[in-house]
Amino acid sequence: MKMIQRRLKTAMEFSVFMEKCLLFIVVSQAPSVPAEARSDPGWTAHLLCSCLQDKDILSMMITTPDLPENEYCFFIQDGREDTTNQNAAFIERLSWTGGPNVTMKEVTSSDAVPYTCKGRYKGPGDDPKDTMCPANLTVQVPAVYGQNAILPCWCLQGSFLGMNITRPGILNGKYCVFIRDGHKDPTNQDAACAGRMTWTGGSNVTMKNVTSRDEALYTCHGSFEDHDGGIKETWCSTYLTVQGGPAPRPPGPPGDISQDLLKAIGLTVPTILTTVGIVVVVIIVIIVKRKSLINFLKKRRRRHQPVGDHVKENDTDDDGDDGNEDEKLVFA
């Protein structure tokens, strides 16, 4: 009985271990989503104060580092917009679309600055809580599968000294395209972008033969000469979406998120069942081998027992099982 309890305990511990490993695999492979705001083309963008997402907002203010302390880009309080101290450059250009979302119209290169969102919301017990987070502008550019797409570095309108475009997944200092001194530099261009991205003049880059793998957030870093003769750097983001292409697989049952995650990392039902079957077989083999080894040692010990020694009928082995009744010894 004790042996059965120990085996059940071992099996349960192994099951918990496998469950933790599987949970770690699923969580570690979960796809990441860019936090920047996205917008439709036409120089209209959306600012998202992500730290106020799903919160009962009491007030929300958006500012930039170059504004005076008593001015702001946008401010809402008690569910209404307050334009009392709004900076002139943002009047009638920013509008509240509900929740932590703000829309900006007529985006230009001068809007390519870091934005900070400062907010207050109702916490537990209706206590007010303060929070702060960045809110960046991102232009969304739609593309059609198999056709060409234009990626604009909208923060570099006009002349510039250098420009490079990168995307997530490109490592070791490489990039999609690099323009320097009016020429394309292919020295460290990533293989996935080589031969597919061409400079079309100005701050626009054309990507040929777009596929679903090209859908990503592209970041443009650039440098330009300001009016005082100094060199300034800027950056902005463009999210490329791809429409059309091969039909996607039919979705699984509603709410079946775990199956989607398992498929995303290559764990399908047949592979899981196969793995579980192998583990069960290994456990059974280990148990059988251990039992055989115990019986072998018991027989060997009895064969070498001196004459006159005896084994009581109620003796048990180390694991709590009764000895083999057919092989019990009595006085010699």
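The values are calculated or read from the model by the stated rules, or taken from the named source; none is laboratory data. Small disclaimer: the values here were computed from a predicted structure and weren't measured. Reconstructed Cβ throughout: ideal geometry from the backbone, glycine too, with neighbour counts over all protein chains shown. Ligands, DNA and RNA are stripped out before the accessible areas are found, and what is left, the full protein with its side chains, is counted by its heavy atoms. Shrake-Rupley method; radii C 1.70, N 1.55, O 1.52, S 1.80 Å.
Observations
- For region 109-253, size of Cβ-based charge dipole, Lys and Arg +1, Asp and Glu -1, in debye: 540
- With the convex hull of its Cα atoms as the shape, region 116-215 has an orientation-averaged projected area of 9.5 nm².
- Cα-centred dipole magnitude for region 60-186, charges only on beta-carbon of K, R (+1) and D, E (-1), debye, nearest 20: 600
- Sequentially through region 83-100, phi angles give Karplus couplings (6.51, -1.76, 1.60; θ = phi - 60°) of 9, 4, 10, 6, 5, 4, 5, 10, 5, 6, 10, 10, 9, 7, 10, x, x, x Hz, Gly and Pro residues having no value and appearing as x.
- In the full protein context, region 120-176 carries 53 Å² of accessible surface per residue, based on a 1.4 Å probe and ignoring ligands, DNA and RNA.
- The share of Cα pairs per 5 Å bin across region 158-241, counted from zero up to the longest distance, runs 3, 14, 26, 26, 18, 8, 4, 2, 0 percent.
- Annotation: for a label point projected 7 angstrom from Cα along Cα→Cβ of Val113, residues of region 60-99 with backbone N closer than 14 Å are 62-74, 86-91.
- Listed peptides 109-120, 275-286 appear in the order 109-120, 275-286 once ranked by packing, highest mean of other Cβ atoms within 10 Å at the front.
- Rolling a 1.4 Å probe over the protein heavy atoms of region 127-220, with every protein chain left in place, gives an accessible area that is 49 percent carbon and sulfur.
- Potential extension, Ala194-Leu293 segment - 0.36 nm per residue separation minus Cα distance: 29.3 nm
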